[in-house]
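Beneath this line is the structure, given in structure tokens, with notes to follow.
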Amino acid sequence: MEFSKLIEPHCQITAETVAEYDLVLCIGDTTFLDYKSIVAKKEDYGPIGKGGNGLILHSALAIEPMNGQPFGLLWQKLWHREPKQKAPKQETPTQKKKRLAAARSSARKRPFEQKESYRWVEALTTVENLVSKSTRVIHAFDREGDK
């Protein structure tokens, strides 16, 4: 089963709950689930952090603003990064510099919707479409959400 289909009923119930309120906070953040010690799953996961191997989970948590009571999740996305290609064995420092510069240039040219940072916009728009129009949603992100 797809992860989005698994979390969808919970998000829908949370949206119905917050519809009873005039104002709700929606806190967005990313969690890295590191499974580097699970050798059997190494191929199903991807690189994370500094040498880790696992999954990336981005969540949008609805919170009642006056007392901080969590209502539940309004959105979640789970994915893994593709492993990076290994450098050629006889690569010189100059060749490495050129290869990395080409990779950066290629990454910059990708459409925004294909970049990891798009998850912030995806969370915001999904929550806005899910929550009742009579409920004002204030989104709070850490500085990574500024991208």
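Read the figures in this text as sums done on the coordinates, not as results from a lab. All values reported here derive from a predicted model rather than from experimental measurement. Here the Cβ positions follow ideal geometry from the backbone for every residue, glycine too, while neighbour counts run over all protein chains shown.
If you go through region 73-84 one residue at a time, do you hit one that is among the polar types (S, T, N, Q) and under 21 Å from the mean Cα position of the chain (by Cα)?
The answer is yes, given that some residue of region 73-84 is among the polar types (S, T, N, Q) and under 21 Å from the mean Cα position of the chain (by Cα).
For region 17-28, which positions are surrounded by 13 or more Cβ atoms within 10 Å (Cβ to Cβ) and more than 16 Å from the chain's Cα centre (by Cα)?
Going through region 17-28, the residues surrounded by 13 or more Cβ atoms within 10 Å (Cβ to Cβ) turn out to be 17-19, 21, 24-28.
Residues satisfying the conditions are Thr17, Val18, Ala19, Tyr21, Val24, Leu25.
Between a residue in region 105-128 that is over 25 Å from Thr14 (Cβ atoms) and any residue that is of a type in the set (Gly, Ala, Ser), which pairs come within a Cβ distance under 6 Å, given they are 6 or more apart or on different chains?
Close Cβ pairs (under 6 Å, with a partner that is of a type in the set (Gly, Ala, Ser)) do not exist here.
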